[in-house]
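The values are calculated or read from the model by the stated rules, or taken from the named source; none is laboratory data. Given the structure is predicted, the values throughout are model-derived calculations rather than measurements. Cβ placement follows ideal geometry from the backbone for every residue including glycine, while neighbour counts extend to all protein chains displayed. All accessible areas refer to the heavy atoms of the entire protein, side chains included, with ligands and DNA or RNA removed. Shrake-Rupley method; radii C 1.70, N 1.55, O 1.52, S 1.80 Å.
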Amino acid sequence: MQLAQWLNISHSLIQAPMAGVQGSRLAMAVCQAGALGSLPAAMLSASTLQQELEAMRTLGGQPYNLNFFCHQPPAEDRQQQADWHTVLAPYYQEMGITPPSGSGAGRTPFNQEMADIVSRYRPAVVSFHFGLPAAPLLAQVKAAGCKVLSSATTVAEARWLAANGADAIIAQGLEAGGHRGMFLDMDLDSQLGSLALLPQIVAAVEVPVIAAGGIADANGVAAAMRLGAAGVQVGTAYLLCDEADTTPLHRAALASTRREHTALTTLFTGRPARGIVGRVMQELGARPAGVPAFPLATAAIAPLRAAAEALGRDDFTPLWCGQNASGCRAIPAAQLTRELAAGLA
């Protein structure tokens, strides 16, 4: 069954949730164009999330996707933090700032407070990155009538998700921008591109499979559907849309030839995530030793990012982007959605 029939929407297309670069405006525009818009919640407080969900209510009951992270917060390692500050010390000195004293709030994993919000708003779809939440929380989501999606980056992860309550699986190819959804094994050598991953997951599980990673136009959508996908998820192509909250610096990079050079980096958060290669990635390497665990790494780089951005520089900014940014254009999200949906015909 295709995603459109399963969710009662016009197009078997999902706008990928992109924390930090979008909110309800983009999600709503995609929903109104007949696809499944997504609202990322991993960087939102409970109160802010509820404000965004109140905005989503103006859709009048149209299906949308609410997305959360499922990581386990690590214990803070003060020595590791100090060692990492030592690595970054030349940058702190250059920018004339003092290293941060704490580990920062980072990203919030799905918890009871968020589950209670889900129970109140009852979105049609709740999706997860980095696995699934604890069984009681997952049961609460399902009791609210939500269909559950989660990202798999390997066949083993897809099988695990299908066996542990996922109603559909997002096959996240190595080309995808932002964080890898990997959760069973952190070995990057285990990661596959979309054309290799998608058909293997389709053959391995009985639930619907959604293709993600490297899809930027109608031809890519059509190719994924021919490989057995029930639908397609697209993220990077939406980053330049009018309704996205992508910053001017990020937009400039996406509109330039710099978008042709991306890499998986742990520098900004502690977990592998694909973005445009910038200064700090070039000088320290994309995945240097000693980076604090996700999401604790965020605190060390945040003041450097803020200081550089105030000067109009993206030296320390995570410029999330997939390997195929050819679909990035400054157009309304509804127009992009319609163009992508042409590949579903």
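Listing for the model above:
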| quantity | calculated |
| --- | --- |
| Members of region 138-165 that are under 23 Å from Leu192 (Cβ atoms), open to solvent by 10 Å² or more (accessible area, probe 1.4 Å) and in contact (Cβ under 8 Å) with a residue 40 or more places away in the chain | Thr154, Val155, Arg159, Ala162 |
| Selection within region 8-23 - open to solvent by 10 Å² or more (accessible area, probe 1.4 Å) and touching a helix residue (DSSP H, G or I) at 6+ places or on another chain (Cβ under 6 Å) | His11 |
| Test: residue in region 202-223 that is closer than 16 Å to Leu149 by Cα, without any contact (Cβ under 8 Å) to a residue 60 or more places away in the chain and part of a helix (DSSP H, G or I) | yes |
| Matching option when the condition is hydrophobic (A, V, I, L, M, F, W, C), without any contact (Cβ under 8 Å) to a residue 12 or more places away in the chain and either farther than 23 Å from Ala325 by Cα or surrounded by fewer than 23 Cβ atoms within 10 Å (Cβ to Cβ) (or both), among Ala289, Ala230, Ala302, Ala297 | Ala289 |
| Any hit, region 30-50, residues being open to solvent by 60 Å² or more (accessible area, probe 1.4 Å) and either touching a helix residue (DSSP H, G or I) at 6+ places or on another chain (Cβ under 7 Å) or without any contact (Cβ under 8 Å) to a residue 12 or more places away in the chain (or both) | yes |
| Residue list for region 322-338, filter: over 13 Å from Asp242 (Cβ atoms) and among the aliphatic types (A, V, I, L, M) | Ala325 |
| Of all residues making up region 56-97, the number that are touching a residue at least 24 places away in the same chain (Cβ under 8 Å) and among the small types (Gly, Ala, Ser) | 1 |
| Some residue of region 128-138 being more than 21 Å from the chain's Cα centre (by Cα), part of a loop (DSSP other than H, G, I, E, B) and among the aliphatic types (A, V, I, L, M) | no |
| Filter result for Gly145 (part of a loop (DSSP other than H, G, I, E, B) and more than 19 Å from the chain's Cα centre (by Cα)) | yes |
| Scan of region 197-219 for residues that are open to solvent by 20 Å² or more (accessible area, probe 1.4 Å), closer than 22 Å to Gln335 by Cα and small (Gly, Ala, Ser), ordered by number | Gly214, Ala218 |
| Tally, over region 315-343, of residues that are over 17 Å from Thr236 (Cβ atoms) and either crowded, with 21+ Cβ neighbours inside 10 Å or of a type in the set (Asp, Glu) (or both) | 2 |
| Tally of residues being open to solvent by less than 40 Å² (accessible area, probe 1.4 Å), assigned to a loop (DSSP other than H, G, I, E, B) and within 22 Å of Phe316 (Cβ to Cβ) across region 78-124 | 5 |
| Breaking point among (1) touching a strand residue (DSSP E or B) at 6+ places or on another chain (Cβ under 7 Å); (2) open to solvent by less than 30 Å² (accessible area, probe 1.4 Å), for Met182 | (1) |
| Pair list, Cβ < 8 Å and 6+ apart or interchain, from region 309-330 residues that are under 21 Å from Ala176 (Cβ atoms) and among the hydrophobic types (A, V, I, L, M, F, W, C) to residues that are modelled with pLDDT under 95 and open to solvent by 50 Å² or more (accessible area, probe 1.4 Å) | Trp320/Gly20 |
| The lone exception for Ile170 - which of (1) open to solvent by 10 Å² or more (accessible area, probe 1.4 Å); (2) out of contact with any Asp or Glu (no Cβ under 8 Å at 6 or more places or on another chain); (3) at pLDDT 95 or above it fails | (1) |
| Helices (runs of 4 or more DSSP H) lying entirely in region 232-345 (those with 2 or more residues that are at pLDDT below 95) | 297-310 |
| Candidates Gln62, Gln79 - the one that is more than 26 Å from Leu13 (Cα to Cα) and among the polar types (S, T, N, Q) | Gln79 |
| Residues satisfying the stated conditions in region 125-134, i.e. in contact (Cβ under 8 Å) with a residue 12 or more places away in the chain and either among the aromatic types (Phe, Trp, Tyr) or open to solvent by 30 Å² or more (accessible area, probe 1.4 Å) (or both) | Phe128, Phe130 |
